[in-house]
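Chemist: Quick one: the structure is below, questions incoming.
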Amino acid sequence: MSVIRVRDRNQVLELSFHDVTKYHGSLALMAVAVGFRTLQAAFAELFGEEAPERKELSILSGHAGPGFRDVFEYVTRAVTRGAYQVDVDYPVAQFDPHRPQSYAYVITAADGRAVEVALLDSFLPAEFYDYLKKGREQIMTEQDVHDFEKLKLALSERALALPQHELLTIKRIA
C-alpha cells in the first residue's frame, strides 16, 4: 500500500491510508481516499521525492466535509496550526448540483510554491450528490443509508486504485 511521507521535525513519518482511517473512522471514506491521493499528488508536484516539513504546509480546501479535513489534519496538522482554510465557493471543481461545494484543494509550501489539485468531474456519480442532499434534509431511508455506505466504500477503493491522471488534475499555480 502506498504511503505519504512527511517530515515532523527530524523524523520522517510514513502515513498510510489505513493510518488515516484509524483517525477518521468510516464516516466519509470516499473523501479520506480522495484527500489522501490529493496530498500524494501535491507533494510529488511540489517536493518530488523529498518529504515536506508538515509545519511548512498550508491548505485551502474547497470542501467543508470531515473526511477531507481529517486527512489534511492527520498528515499536516494544518487545522491545529491555523493553516487550514475552507472556501466552498472556490471556483474550480464545483460538481454538486444541489449546493456550492468545491472538490479542489490548494496546497502551499512555506516558500510560496503552490499547487491546485482537483477531482475529475467523472469520478462521483450523480447519485452520490443525491444521497448527500437526502442526508442534509434528513430524509434518508434505512436502505438509502445502507446503499450510500456501500457507494462510499466502493468509491474509496476506486480512488485508491485509479491512476492519478484518471482521478485528479494537478496545476502549479505559484
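Chemist: Select from the range 1-12 the residues that are in contact with a helix residue (DSSP H, G or I) (Cβ under 8 Å, 6 or more places away or on another chain) and surrounded by 14 or more Cβ atoms within 10 Å (Cβ to Cβ) and write down the one among them that is farthest from residue 42 (Cα to Cα). Don't jump to the end; show me each part of the working.
Modeler: We begin by selecting, within the range 1-12, every residue in contact with a helix residue (DSSP H, G or I) (Cβ under 8 Å, 6 or more places away or on another chain); these are 1-2, 4-8.
Those left that are additionally surrounded by 14 or more Cβ atoms within 10 Å (Cβ to Cβ): 4-7.
Details: 4: 11, 5: 12, 6: 12, 7: 15 Å.
Among those residues, the one meeting the criterion is 7.
Chemist: Buried (at least 22 other Cβ atoms within 10 Å of the Cβ) and either free of Cβ contacts under 8 Å to residues at least 24 places away in the same chain or touching a Gly at 6+ places or on another chain (Cβ under 6 Å) (or both): does that describe residue 122? So that I can check it myself, show each step before the final result.
Modeler: Working: buried (at least 22 other Cβ atoms within 10 Å of the Cβ): no; either free of Cβ contacts under 8 Å to residues at least 24 places away in the same chain or touching a Gly at 6+ places or on another chain (Cβ under 6 Å) (or both): yes.
Answer is no for this residue.
Chemist: If I go through the range 13-38 residue by residue, how many of them are surrounded by 13 or more Cβ atoms within 10 Å (Cβ to Cβ), farther than 24 Å from residue 129 by Cβ and in contact with a strand residue (DSSP E or B) (Cβ under 7 Å, 6 or more places away or on another chain)?
Modeler: Number of matching residues: 3.
Chemist: Sticking with this one: Only one residue in 117, 145 is open to solvent by 30 Å² or more (accessible area, probe 1.4 Å) and modelled with pLDDT of 95 or more. Which one?
Modeler: Criteria check complete, one pass: 145.
Chemist: Read through the list (1) touching a residue at least 24 places away in the same chain (Cβ under 8 Å); (2) surrounded by fewer than 18 Cβ atoms within 10 Å (Cβ to Cβ); (3) farther than 26 Å from residue 145 by Cα, then give the number of the only condition that residue 49 fails.
Modeler: All conditions pass for residue 49, except number (1).
Chemist: So, residue 101, is that one at pLDDT 95 or above and open to solvent by 10 Å² or more (accessible area, probe 1.4 Å) or not?
Modeler: Details: at pLDDT 95 or above: yes; open to solvent by 10 Å² or more (accessible area, probe 1.4 Å): no.
For residue 101, the condition - at pLDDT 95 or above and open to solvent by 10 Å² or more (accessible area, probe 1.4 Å) - is not met.
Chemist: Among 42, 93, 109, which is among the small types (Gly, Ala, Ser), without any contact (Cβ under 8 Å) to a residue 60 or more places away in the chain and surrounded by 15 or more Cβ atoms within 10 Å (Cβ to Cβ)?
Modeler: Working: 42 fails: without any contact (Cβ under 8 Å) to a residue 60 or more places away in the chain; 109 fails: without any contact (Cβ under 8 Å) to a residue 60 or more places away in the chain.
Of the residues listed, the single one that is among the small types (Gly, Ala, Ser), without any contact (Cβ under 8 Å) to a residue 60 or more places away in the chain and surrounded by 15 or more Cβ atoms within 10 Å (Cβ to Cβ) is 93.
Every residue, every condition in (1) touching a Phe, Trp or Tyr at 6+ places or on another chain (Cβ under 9 Å); (2) acidic (Asp, Glu); (3) within 27 Å of residue 149 (Cβ to Cβ), yes or no:
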| residue | (1), (2), (3) |
| --- | --- |
| 2 | yes, no, yes |
| 7 | no, no, no |
| 20 | yes, no, yes |
| 35 | yes, no, yes |
| 41 | no, no, yes |
| 44 | no, no, no |
| 58 | yes, no, no |
| 63 | yes, no, yes |
| 70 | yes, yes, yes |
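Chemist: Could you please tell me which pairs satisfy a Cβ distance under 8 Å, a separation of 6+ or placement on different chains, a first residue in the range 1-22 that is aromatic (Phe, Trp, Tyr), and a second residue that is surrounded by fewer than 16 Cβ atoms within 10 Å (Cβ to Cβ)?
Modeler: 17/1; 17/2
Chemist: Any residue in the range 60-67 that is open to solvent by less than 10 Å² (accessible area, probe 1.4 Å) and of a type outside the set (Gly, Ala, Ser)?
Modeler: Taking every residue of the range 60-67 in turn, none turns out to be open to solvent by less than 10 Å² (accessible area, probe 1.4 Å) and of a type outside the set (Gly, Ala, Ser).
The values are calculated or read from the model by the stated rules, or taken from the named source; none is laboratory data. Not measured: the values here are computed from a predicted model. Every residue, glycine among them, receives a Cβ derived from its backbone with ideal geometry; neighbour counts consider all protein chains shown. Just so you know, the surface numbers come from the protein's heavy atoms only, side chains and all, with ligands and any DNA or RNA stripped out. Shrake-Rupley method; radii C 1.70, N 1.55, O 1.52, S 1.80 Å.
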